[in-house]
């Protein structure tokens, strides 16, 4: 189970590292859906082998063993930041202050 403290920090623009039973995935949270109810999820976008990749994790999944918050976002004006899919690394750094 993920602690309440970490759940509050998982929001759009946060850079996180998700440890699951398969491995770990580092990226930026681009969306969080359905609050903290049983079907709640969050989507993380990262770069793997030079290719942009997104993973959607259920919040209440037993597969997730640990979540590390690497950095919190500066003010992000949207709750879902799907526009980062079209940005380069440099543009993303300039716009959000975070790089993948």
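No lab work stands behind these numbers, since they all come straight from the coordinates. Keep in mind that this is a model prediction, so the values were computed, not measured. Using ideal geometry, Cβ is built from the backbone for each residue, glycine included, and neighbour counts are taken over all protein chains shown.
The table below lists the values:
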| read-out | value |
| --- | --- |
| Residue exposure sequence - 57, 82 - by fewest surrounding Cβ within 10 Å | 82, 57 |
| Whether segment 4-91 is rounded, prolate or oblate, judged on the alpha carbon gyration tensor where a/c under 1.5 counts as rounded | oblate |
| Helix-only [θ]222 nm of the chain, DSSP H runs n ≥ 4, -39500 (n - 2.57) each, per residue, nearest 500 | -3500 deg cm²/dmol |
| Residue 40/residue 87 FRET efficiency (R0 35 Å; Cβ-Cβ; nearest 0.05) | 0.85 |
| Among 49-56, 18-25, the order from most to least packed when residues are scored by Cβ within 10 Å on average | 18-25, 49-56 |
| Proxy reagent accessibility, fewest Cβ within 10 Å first, across 88, 31, 72 | 88, 72, 31 |
| Per-residue Cβ neighbour rank within 10 angstrom, fewest leading, 33, 74, 15 | 74, 33, 15 |
| Cα gyration tensor, segment 10-49 - rounded (a/c under 1.5), prolate or oblate | oblate |
